[in-house]
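This report concerns only the one structure given below.
We did not get these values from a lab; they are worked out from the coordinates using the rules stated. None of the values given here were measured: they were computed from a predicted structure. Note: ideal-geometry Cβ built from the backbone for every residue, glycine included; neighbour counts use all protein chains shown.
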């Protein structure tokens, strides 16, 4: 782990001013963190993040007009994120967004410091991706290996329903799991067999054998409706006509 030459710049977003002050006080008392300000409006925060990037975002989930999770979805390159909420019900969504930690109010400094240490580790970790990237080719036409955290996980192509791009990550969704992989859609297209998968949207690749219907420019894959982008529609129709 390398050292941090400057404190990590932190933005706090919470519609409760008292909660904002609690987190700001915690940041002030943590030597490797520095405040980059706060917002009680998620809309203002979204605009600020587009023009003034930060290293860490301490983000409340439940806010009016736009939830913290909604705010995350608007960010093309989100910083390290620590979710803060009064409910434990968002743990799954927190995992899906690959946040660093998940704090439940009221936030104590001891618990905040644990989250801050995780942020520091994430910010200073030296990535060691395998030579061929996060998605590993194999000689077997029926499966591949993907890098999840620090391990390689075997994925059978037949089990994959679809792949969804979210920021700098892709979610590989199977019948039993959702694997979060630091990768690009281009890398997925290059590694996944073209005969089995089709790009249907800039954010989606679908297993052709899992498509159940096409309706209103959306593919039905089990219970999921996946949009079909106009630039991909012709290729999708060609592939469907091959059935």
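Some points to look at:
- The label point for residue 104 and the one for residue 148, both projected 7 Å from the Cα toward the Cβ, are 2.5 nm apart.
- The residues 84, 205, when put in order of fewest to most other Cβ atoms within 10 Å, stand as 205, 84.
- The overall shape of the stretch 8-124 is rounded: from the C-alpha gyration tensor, with semi-axes ordered a ≥ b ≥ c, the ratio a/c is less than 1.5.
- Expected 222 nm ellipticity per residue - DSSP helices of 4 or more, -39500 (n - 2.57), all of the chain, to 500: -8000 deg cm²/dmol
- Shape category assigned to the chain from the gyration tensor of Cα positions, a/c cut at 1.5: prolate
- Stretchable slack from residue 121 to residue 47, in nm (0.36 nm times residue separation minus alpha-carbon distance): 23.9 nm
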